[in-house]
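The values are calculated or read from the model by the stated rules, or taken from the named source; none is laboratory data. Here the structure is a predicted model, which is why all the values come from computation and not from measurement. Because the Cβ atoms are built from the backbone with ideal geometry, glycine has one as well, and the counts that use them run over all protein chains shown. Heavy atoms of the whole protein, side chains included, go into the accessibility calculation; ligands, DNA and RNA do not. Shrake-Rupley method; radii C 1.70, N 1.55, O 1.52, S 1.80 Å.
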Amino acid sequence: MQTIDAIAEILKREGVEYLSCFPTTPVIEACAAAGIRPVICRQERVGVGIADGYSRVTNGRPPGVFAMQYGPGAENAYSGVATSFSDSVPILLLPLGHPRERQGVFPMFDSIESFASVTKHLERLNLSNNTSQVMRRAVNALYTGRPGPSMIEIPADVALEEVSEEAFYWGGNVRRSASQADPDDVEAAAKALCSATYPVIHAGQGVMYAEATDELVELSELLSAPVMTTLLGKSGFPEQHPLALGSGTGVMSGTVYHFVRRADVILGVGSSFTKHGMSMNLPAGRTLIQNTNDPRDLNKDYDVQFPVIGDAKLALRQMIEACREIVGDTRRNKPEIAAEIESVRNAWLSEWRHKTTDAGPLVNPYRVITDFQQAVPADEAIITHDSGSPRDQITPFYRSGGPRSYLGWGKSHGLGTGLGLVIGAKLAAPEKMCVNFMGDAAFGMVGLDFETAVRSGAPITTVVLNNSTMAVETGAMERSHNLYNTRDLGGNYADMGRAMGGYAERITDPAEIIPAFQRARRQNEEGNAVLLEFITNEEIDYSHKRAF
Ligand SMILES: Cc1ncc(C[n+]2csc(CCOP(=O)(O)OP(=O)(O)O)c2C)c(N)n1
Ligand SMILES: [Mg+2]
């Protein structure tokens, strides 16, 4: 067999069903022959996003895989890979490389040099007979520790060389392995947590990768501790739960604001505690407990008094046992905590009601997300935002269902990323209604990949919140906009959706929001990709923006 056949066989044995890709690379041919379905994107950046969204939904088992050509294919993938790296998503990238005799020659693009800062693992496959061991290292990087992109560059000549029968093996022994926390750390952390007057749990995406939602719910109920999530961790704690506060990012729900401001002890679980424009700052002076599986996260941006290094699921189980030893059942399910959360939420929602129920004349983005929640139950959907106002409008208000019913992303917040993610999510979870909400500028970045959804058996719903401008840039572009109209954009996106073969509607009447989502859902169920273009107002009020 050739190198590419050996790689396809290994992917098959690891359960890979889809290869997100764009030509020219013979990896596509080998995967197709092995029964792995190629999904051809319209540009590499989105192709990486498809693999990324797929991996987020499967937790990397099986992983999303993306293959592309050397030079322009690898170059155009860069922003997608940067997104996966900054969000720590386990994807496998298989760029073709220049043939060995051309490597290192000016000005050939070199993936090994260029992707070094945005990959967890990176290796060039220099010898066909090394395929098995090179792939073993790549797969190991996907399955263990902090996740991230794993890249194997396959030089075009090596790709077609023979792998000898003796050299090929795949034991299937690369599996997920994780470790518990130091029991002394757990005991100290549990004491601090149990002596808190107002504890808050701050859950990151590590909870989802560790599949630790049940343990998180158990600990929060044991202590009656309210739980917020980060942007990436959104849906790791079911947001319909009575102890759920919602998510805290650059913006936050009224419940996150109220309870975090009052908290004396914050327990981070599966969270990197990263200071970032897309994350909520932790207010000063709190006692911090941090569980992470990556020591680089500790004391990075905050003084952490109580580190708990280990897998979120295993460490939460340890914390549950340690807390139970201290407080027994005395704090379990205190109704007054849930009642306070409910009353703070209701007060906050009533401040926003004029926007969430806005009768027009223009559609208000806050009403779109509110009505969507009435039209589609959260646990029957997977939704994601895009950069810009849509992210900041959706995340405080949307109450997700179980793990991965919301794909929160954006430590690198490349405009347009949501479209690829939601196509990947649909491939991983065809039974869910998969919806990405994007602004008109976001659509401009990647919109032609809506046709990928139409063509590839990934009937998603893309929502374009069209305000004909970049509303989120209002503050940043005042002078140039006054002089040259720099923020404004044009386009008729429903027409584009139709031209690409999808079912599309333009909605201008707020009363039509719910019926439009109901029609979209039926269309998706019949296999049609849908584009809903809402003509919205320029909405630049955000909930508790940078409140801490
Ligand atoms: C690739 C990339 N370039 C630039 C940005 C900066 N950026 C973030 S949002 C935004 C404009 C968003 O406009 P739109 O999608 O129309 O949403 P709106 O705020 O109008 O609702 C820009 C330029 C980015 N996030 N990614
Ligand atoms: Mg806009």
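Observations on the model:
- The chain, dipole about Cα centre (Lys/Arg Cβ +1, Asp/Glu Cβ -1), debye to the nearest 20: 580 debye
- For Asp182, residues with placed amide H under 5 Å, excluding near neighbours: Ile309
- When peptides 425-436, 320-331 are ranked by their average number of other Cβ atoms within 10 Å per residue, the highest-first order is 425-436, 320-331.
- The fraction of Cα-Cα pairs per 10 angstrom bin, counted from 0 for region 418-479, comes to 23, 44, 21, 10, 2 percent, rounded to whole percents.
- Solvent exposure ordering (accessible area, 1.4 Å, most first) of Glu525, Glu340, Glu215: Glu525, Glu340, Glu215
- Surface/4 of the Cα convex hull for the chain, nm²: 25.7 nm²
- Within region 391-530: Cβ-based charge dipole about Cα centre, in debye rounded to nearest 20 (Lys, Arg +1; Asp, Glu -1): 420 debye
- Both numbers refer to the Cα atoms of region 468-513; Rg and Dmax are 14.8, 40 Å.
- Here, P(r) means the percent of Cα pairs in each 5 Å bin from 0 to the largest distance; for region 467-548 it is 3, 13, 16, 17, 15, 14, 11, 7, 3, 1.
- Cβ crowding within 10 Å averaged over residues, with 413-424, 529-540, 272-283 ranked highest first: 413-424, 529-540, 272-283
- Modelled spin labels at Thr144 and Asp157, positioned 7 Å past Cα toward Cβ, are 3.4 nm from each other.
- Distance between the modelled labels on Glu321 and Arg37, one decimal in nanometres: 4.4 nm (7 Å Cα→Cβ projection).
- Radius ratio Rg over Rh of region 278-382, counting only Cα atoms, Kirkwood formula for Rh: 1.10
- Each listed q (0.09, 0.17, 0.18 Å⁻¹) maps to a log10 I(q)/I(0) for region 390-548 from the Debye sum over equal C-alpha point scatterers, namely -0.30, -1.06, -1.18.
- Which of Lys234, Lys411 is most accessible, then next, and so on - probe 1.4 Å: Lys411, Lys234
- Charge dipole (debye, nearest 20) of region 216-339; +1 at Cβ of Lys and Arg, -1 at Cβ of Asp and Glu: 220 debye
- Bridge type composition, the chain - antiparallel percent by DSSP, nearest 5: 5 percent
- Whole-Hz Karplus values for region 168-182 come out as 7, 8, 8, x, x, 9, 7, 9, 5, 9, 9, 10, 6, 8, 4 Hz, taken residue by residue from phi with 6.51 cos²θ - 1.76 cosθ + 1.60 and θ = phi - 60°; glycine and proline positions read x.
- Net lengthening on full extension, Ser195/Met108 (0.36 nm per residue, minus Cα-Cα): 25.3 nm
- Distant-in-sequence amide H partners of Ser247 (H built 1.01 Å from N, under 5 Å): Thr229, Ser253
- If the chain linking Thr330 and Tyr484 were pulled fully straight, counting 0.36 nm for each residue of separation and taking away their Cα-Cα distance, it would gain 49.0 nm.
- Close Lys pairs in the chain (alpha-carbon distance under 15 Å; sequence gap of 8 or more, or different chains): 4.
- Straightening the chain between Glu218 and His354 buys 45.3 nm, computed as 0.36 nm per residue apart minus the Cα-Cα spacing.
- Whole-Hz Karplus values for region 359-364 come out as 8, x, x, 8, 6, 9 Hz, taken residue by residue from phi with 6.51 cos²θ - 1.76 cosθ + 1.60 and θ = phi - 60°; glycine and proline positions read x.
- Per-residue ellipticity at 222 nm computed for the chain from its helices equals -11000 deg cm²/dmol, with DSSP H segments shorter than 4 residues left out and the rest contributing -39,500 (n - 2.57).
- Per residue accessible area in Å² of region 434-504, where ligands, DNA and RNA are left out and the probe is 1.4 Å: 41 Å²
- Between the listed residues Ile154, Ser387, Pro430, the Cα displaced farthest toward the positive end of the dipole of the chain, a dipole computed from Cβ unit charges relative to the Cα centre, is found at Ser387.
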